[in-house]
Each structure stands twice: as structure tokens, then as C-alpha cells.
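Asker: Pasting a structure below so you can have a look.
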Amino acid sequence: MAARAEIYRAIEDNRISDASGRMTEEDWLEGFAPSPNNIFKRYDSLGRNSAVNMPFEKAVRVFLTPYPVSIRRDGVYLYSRRYNSQSVSDTGVFDRIARNGVIEIQAYVLTMCVRHIWIELDGELHELSMVLSAGVEPDSSDITLDDLALINEARLQAQSLLRVQKMAVPEELDQRFQQDTGQLRHSGTRKLGRPKKDAASKRDEEDFKAVMGGKK
């Protein structure tokens, strides 16, 4: 969401900023508003710009940021976010990975928006899209790489807390169970001595003695 807002801000700035200082006398005679966008369109129509055509694949390799990703059997992972594409599946790369195996490679990432990533397999560049899952909000698909890193750090910390709880909670419940029942929770071993009898237990014992003729 933040990346998309920044893109819209840049578009707005290019359309409404005052670039009068860049206007020539000839520009004023053309009768267009002195915005950066309008100035570019005028000079572009005259063939007067420094733009250079570049193949898309080369632009990805030149301008995007290399970043480590992991290939697993069910997709390509940037942190905990999963990506896939039909072209990558068709390469058979997922079939070459062991059941719990991982291949670490570099992807090309647009740091302001991680909806898509690109990886190179056997010299061919592939575009992958984020796989929307139950754990990913639809509006979060356009978050930045930094935001995704923060989410991953929070995930790791939460998982660390769970590991601590897995050790502490059973011990606490073992102690409470032993206090409540006089037994060890997992062994069924009874402590020496009798637990105190409640009123219902006493009545049951009296009924039993009555049936047995008062015998203990």
C-alpha cells in the first residue's frame, strides 16, 4: 500500500508541479501548462530526449536489486512469501528438489513493491507472482521489501515465543495436575497418602459398607 501511494504521489507531482523555469519562449507559445509531464511530452514528440531503448530482460538485470530467495518443492520463497509462475513450473525445477530440500538462488526484486520477482534459470529470466494465501491480506501484495523484512522479523520473534511456551506450559500444567490430583500427569503414579475425601466420596463409602454388612 505504501509503495502504491508513493507511485501515485510521483505521478501527481509530475502532472501538477510548476516547471516554469524549464520553459523556453517557444514552449510558452505552444500553450501548454508548464508541468514536468507536459514539457517531456513536447520534447519527446520532437525526438529530443535522452531515452534509450533497452530490452526488458536487460532492464531487470540492470536496475532491479539482487536478493536471496529459496526454491522449495511448492514455490519460490522471499522470506515467508511464496511466489510461482507457470513458466517456472514448466522448467521442472520443483521436481528436482528433495522432499524437504531447498535451493538458494538470487532473485531480482523491485524494492518498492514485491508483488512480483524475477529469477534466472538456465539463462532464462522468469517473472513470478505472489501466491495469495490465507495468511496474506490482499491489500498487502504491494508492500515494500523493507516491510516484508519487518513482517518476517516479527514472525521469527513470535515463533521464538511459541518455542518458549512449549517448554514452560507443560511444566506448569504438570505441577498444577500433581497439586490437584496427587498424581503425575503422564505416568499415573500416585503420591503416598490419600487425597482428601469429599462428601460424595464419603457417602459412596458408607453405602458400600452397608451393602457389605459393615465390613471394611
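Only the coordinates and a few stated rules stand behind these numbers; no lab work does. Quantities reported herein were computed from a predicted structural model and do not represent experimental measurements. Here the Cβ positions follow ideal geometry from the backbone for every residue, glycine too, while neighbour counts run over all protein chains shown.
Asker: Which three extents, in angstrom, do the Cα atoms of the range 57-147 have along their principal axes, listed largest first?
Answerer: Principal axes ranked by extent give 35, 32, 20 Å for the Cα atoms.
Asker: What's the extension gain from LEU132 to VAL62 if we count 0.36 nm per residue and subtract their Cα-Cα distance?
Answerer: Length gained between LEU132 and VAL62: 22.4 nm.
Asker: List the trypsin sites (Lys or Arg not before Pro) within the range 66-156 that fall in a DSSP loop (any state other than H, G, I, E or B) and whose Cβ has at most 13 other Cβ atoms within 10 Å.
Answerer: The qualifying sites are ARG99.
Asker: Cα atoms only: what Rg and Dmax, in Å, come out for the range 2-51?
Answerer: Cα radius of gyration and Dmax of the range 2-51 are 12.4, 39 Å respectively.
Asker: Here is a further query. Contour minus end-to-end for GLN86 and ALA19, with contour as 0.36 nm per residue of separation and end-to-end as the Cα-Cα distance?
Answerer: Length gained between GLN86 and ALA19: 19.6 nm.
Asker: Take the Cβ-Cβ distance between GLN106 and ALA51 as r, set R0 to 30 Å, and report the resulting FRET efficiency rounded to the nearest 0.05.
Answerer: 0.60
Asker: Which one of VAL52, ILE16, ILE97 has its Cα pushed farthest toward the positive end of the charge dipole of the range 1-97, where Lys and Arg give +1 and Asp and Glu give -1 at the Cβ?
Answerer: ILE97
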